[in-house]
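> Below is a structure I'd like to ask you about.
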Amino acid sequence: MQKTSRSTIEPRAFDPLIAEGFIRQADLIKVFQEAMDGSTSLESLLLDKYRVPKARLGKALSEFYDCPYVPFDDRITVDPALLKDLSQDYLKNHHWIPLKRHDQVLDVLIDNPHDLEKGGDIRRAFPGLTIRFSVSLQRDLEQFLSAAGGDTDVGSLSDTLGELRSEARVEREGAEDADPVDENDSAIVRLANQIIVEAYRKEASDIHIEPYSDKKETAIRFRVDGTCFTSMRVPAAYRRALVSRIKIMAHLDIAERRKPQDGKIRFRLGNDRQIELRVATLPTSGGNEDVAMRVLSAKEPLPLEAMEFEPGTLTSLLELAEQPYGLILCVGPTGSGKTTTLHGILRHLNTDERKIWTAEDPIEISQDGLRQVQVHPKIGFTFATAMRSFLRADPDIIMIGEMRDMETANVAIEASLTGHLVLSTLHTNSAVETVTRLLDMGLDPFNFADAMLGVLAKRLCKRICSVCKEAYRPSHEEFDELARAYGIQAWEQLNIAYGDDFRLYRGRGCDACNHSGFKGRVPLHELFRNSEEIKNMIQSRAKTSEMQRLAMKAGMTTLLQDGIHKVLTGSTTYKQVRSVAMK
């Protein structure tokens, strides 16, 4: 059967590869001849012998079969219920796998959607369902099968937890041959790896390991879309072994349990994908240690146009970024997308004519063309030290990960006043409040007023699930609440009236969003631009409320107003906006 499946793809499926110069016509004929004897698959010859890029081969098959190409991805999970009556060996030899079922529609991955014999097998295995095919390469299908069968390097999380619970029960019963489990036990090693993989699959931003007493199970909690939930529980007997394993992975001292420690884990997933985790341990009651891990998946910079700015805000931000010198700050709480935004600005500015230096801790986003530096405060290589070094390295633009202290802020002001564009972040509640905070830190108001170009405040709130989103007619009280929050005079300028056609949106709750009605997050922005009037107010140390009124009079859209725009367009709800944008 394998031989048949290797030779049924028509040669014309690969015409785009010939046209684009990935392989010659004569070589393609040789490939088909070699594949006919069954010793090597057509796919392996193209990928390994003739070095055709995997993504391009998948695209060629997608175009030929007129269906999507789905490569293997750790985050795509196969529904195990669909596999219970199917043989793994059969699926491996026939190169197809059922992926997910949506009501009466079954998604199937297959190497050849035109194979009538396989199509008949699939319809007999799942009678009455509409089959929706996607094409995958044979090696992709093998990886999907391996992951579904639990025989990957990390294996099955439920099997590992079951194994640990069985061992814990044996220990409680006082078995003589029960050996205590430590951080080097294979089950603990697998569990630590599986927790990280599971968090990545669920798109968690943080992992929390929370041990309790000798009898209460250790909670493993994930933060997804800004909300924590308990994902699993580990037997209490293994709480110290699990924490010690994480500390070993982060190169921390496992003997030191009395004080906090910080470290990093570089974790390799399948398919050459690597993520980094920022690890913090803290001693807690009962002689335990909590672990908090921030998941930092290496990624490409996101363009500003994809960050859902209001058109006027984006235009103003780009105008500020094109200035030859000055200071631009991005502010907000931890995890609000400040670094992502700064890298979006740098992506816009990153040309061959500009020399750009960045100092970061950690380097979350890599970008060709930037000279990125990892600071190490423990050895004295701080943000301020890096800044001073950059000034001797012929920079045009400097990005500092965070203004953590007075020294860093002063060096940034100095650099921005001497002909450099400086970008940085700060933890403050609003754009205007940032000015007061920096002046309270001791910055010279005259220098800061001259240096500052603008401050961008950011928040992230939950996005309505696109699968179960529905429109509804709100009550007049809801309409009035929106108008009051936006500002009555500003609301009147929007020319929005309450009537039969006025609609807001909400999520009903479905499997895709775990019945919460929300999936993903939507950004809110507030851009505070400097001006002559603002400069005078900064120099005279005016109150935050006075600067806020002047900025709004000049056209600044506040975080709350931007959030209400997102409510009106159906991206989120007013309750979610209010939870992140109001003090």
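> Does G570 satisfy the condition of being more than 30 Å from D79 (Cα to Cα), touching a strand residue (DSSP E or B) at 6+ places or on another chain (Cβ under 6 Å) and at pLDDT below 95? Give the steps one after another, and end with the answer.
On the way: more than 30 Å from D79 (Cα to Cα): yes; touching a strand residue (DSSP E or B) at 6+ places or on another chain (Cβ under 6 Å): yes; at pLDDT below 95: yes.
Spelling it out, G570 is indeed more than 30 Å from D79 (Cα to Cα), touching a strand residue (DSSP E or B) at 6+ places or on another chain (Cβ under 6 Å) and at pLDDT below 95.
> Considering only residues that are part of a loop (DSSP other than H, G, I, E, B), open to solvent by less than 40 Å² (accessible area, probe 1.4 Å) and among the small types (G, A, S), look in the range 555-583 and name the one that is nearest to I534 (Cα to Cα). Outline the logic, then answer.
So the first thing to find is which residues in the range 555-583 are part of a loop (DSSP other than H, G, I, E, B), and the list is 555-558, 569-573, 582-583.
Of the ones still in play, those that are also open to solvent by less than 40 Å² (accessible area, probe 1.4 Å) are 556-558, 570-573.
Narrowing the set further to residues that are among the small types (G, A, S) leaves 570-571.
Working: G570: 34, S571: 33 Å.
Step by step, filter the range 555-583, then rank; the result is S571.
> Which count do you get for residues in the range 440-477 that are under 16 Å from T428 (Cα atoms) and within 30 Å of the chain's Cα centre (by Cα)?
Residues in the range 440-477 being under 16 Å from T428 (Cα atoms) and within 30 Å of the chain's Cα centre (by Cα): 7 in total.
> Report every pair of residues separated by at least 6 positions or lying on different chains whose Cβ atoms are under 8 Å apart, first residue within the range 241-266 and under 19 Å from G286 (Cα atoms) and open to solvent by 60 Å² or more (accessible area, probe 1.4 Å), second in a helix (DSSP H, G or I) and not aliphatic (A, V, I, L, M).
Matching pairs, first to second residue: R257/G287.
Each row is one residue, and each column tells you yes or no for (1) on the phi > 0 side of the Ramachandran plot; (2) open to solvent by less than 70 Å² (accessible area, probe 1.4 Å); (3) in contact with a helix residue (DSSP H, G or I) (Cβ under 8 Å, 6 or more places away or on another chain).
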position	(1), (2), (3)
V78	no, yes, yes
A81	no, yes, no
W96	no, yes, yes
R101	no, no, yes
D107	no, yes, no
G119	no, yes, no
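> Quick one: what pairs do we get from the range 14-30, first residue more than 14 Å from K49 (Cβ to Cβ), second open to solvent by 60 Å² or more (accessible area, probe 1.4 Å), C-beta under 6 Å, 6+ apart or different chains?
Matching pairs, first to second residue: I18/Q25.
> So which residues in the range 62-88 are more than 18 Å from R124 (Cα to Cα) and either more than 29 Å from the chain's Cα centre (by Cα) or aliphatic (A, V, I, L, M) (or both), if there are any at all?
Matches in the range 62-88: E63, F64, Y65, D66, V70, I76, V78.
> Only one residue in K59, K54 is basic (K, R), modelled with pLDDT under 85 and under 35 Å from the mean Cα position of the chain (by Cα), so which one is that? Don't jump to the end; show me each part of the working.
Numbers: K59 fails: modelled with pLDDT under 85.
Residue meeting the stated conditions: K54.
> OK, next. Hey, could you check the range 319-349 for residues that are open to solvent by 40 Å² or more (accessible area, probe 1.4 Å) and more than 19 Å from the chain's Cα centre (by Cα) and say which is farthest from F448 (Cα to Cα)?
Result: H348.
> Out of all the residues in the range 506-554, which are within 15 Å of C465 (Cα to Cα) and open to solvent by 40 Å² or more (accessible area, probe 1.4 Å)?
Listed by number, the residues that qualify are R506, R508, D511, A512, N514, H515, S516, F518, K519, R521.
> When the residues of the range 245-297 are filtered to those that are small (G, A, S) and in a helix (DSSP H, G or I), which remaining residue is modelled with the lowest pLDDT? So that I can check it myself, show each step before the final result.
Applying the first criterion (small (G, A, S)) to the range 245-297 yields 250, 255, 263, 270, 280, 285-287, 292, 297.
Restricting the remaining residues to those that are in a helix (DSSP H, G or I) gives 285-287.
Working: S285: 88, G286: 84, G287: 87.
Top of the filtered list is G286.
> Residue check, V70 against (1) touching a Gly at 6+ places or on another chain (Cβ under 9 Å); (2) among the β-branched types (V, I, T); (3) surrounded by fewer than 17 Cβ atoms within 10 Å (Cβ to Cβ), all met but one. Which one?
Condition (3) is where V70 drops out.
> Among the numbered criteria (1) free of Cβ contacts under 8 Å to residues at least 60 places away in the same chain; (2) on the phi > 0 side of the Ramachandran plot, which one does R56 miss?
The one condition R56 does not meet is (2).
> Quick one: count up the residues across the range 456-473 that are surrounded by fewer than 18 Cβ atoms within 10 Å (Cβ to Cβ) and not basic (K, R). Write out each step before concluding.
Taking the range 456-473 and keeping what is surrounded by fewer than 18 Cβ atoms within 10 Å (Cβ to Cβ), we get 466-467, 470-473.
Checking which are not basic (K, R) leaves us with 466-467, 470-472.
Here the count works out to 5.
> Considering only the range 298-317, how many residues are closer than 20 Å to S205 by Cα, open to solvent by 30 Å² or more (accessible area, probe 1.4 Å) and in a loop (DSSP other than H, G, I, E, B)?
3
> Return the residue satisfying two criteria in turn: it lies in the range 17-32 and is open to solvent by 70 Å² or more (accessible area, probe 1.4 Å) and of a type in the set (D, E, K, R), and of such residues it is farthest from the chain's Cα centre (by Cα).
Ranking the candidates gives K30 first.
> Right, another one. What strands (runs of 3 or more DSSP E) completely inside the range 468-531 contain at least 2 residues that are closer than 26 Å to K553 by Cα and touching a residue at least 24 places away in the same chain (Cβ under 8 Å)? Break it down stepwise before answering.
Working: elements: 469-472, 504-507, 518-529.
Because the criterion is at least 2 residues that are closer than 26 Å to K553 by Cα and touching a residue at least 24 places away in the same chain (Cβ under 8 Å), the strands (runs of 3 or more DSSP E) in the range 468-531 that meet it are 518-529.
The values are calculated or read from the model by the stated rules, or taken from the named source; none is laboratory data. These figures come from a predicted structure and were not determined experimentally. Glycine gets a Cβ as well: all are built from the backbone with ideal geometry, and neighbour counts include every protein chain shown. Accessible surface areas use protein heavy atoms only, side chains included; no ligands, DNA or RNA. Shrake-Rupley method; radii C 1.70, N 1.55, O 1.52, S 1.80 Å.
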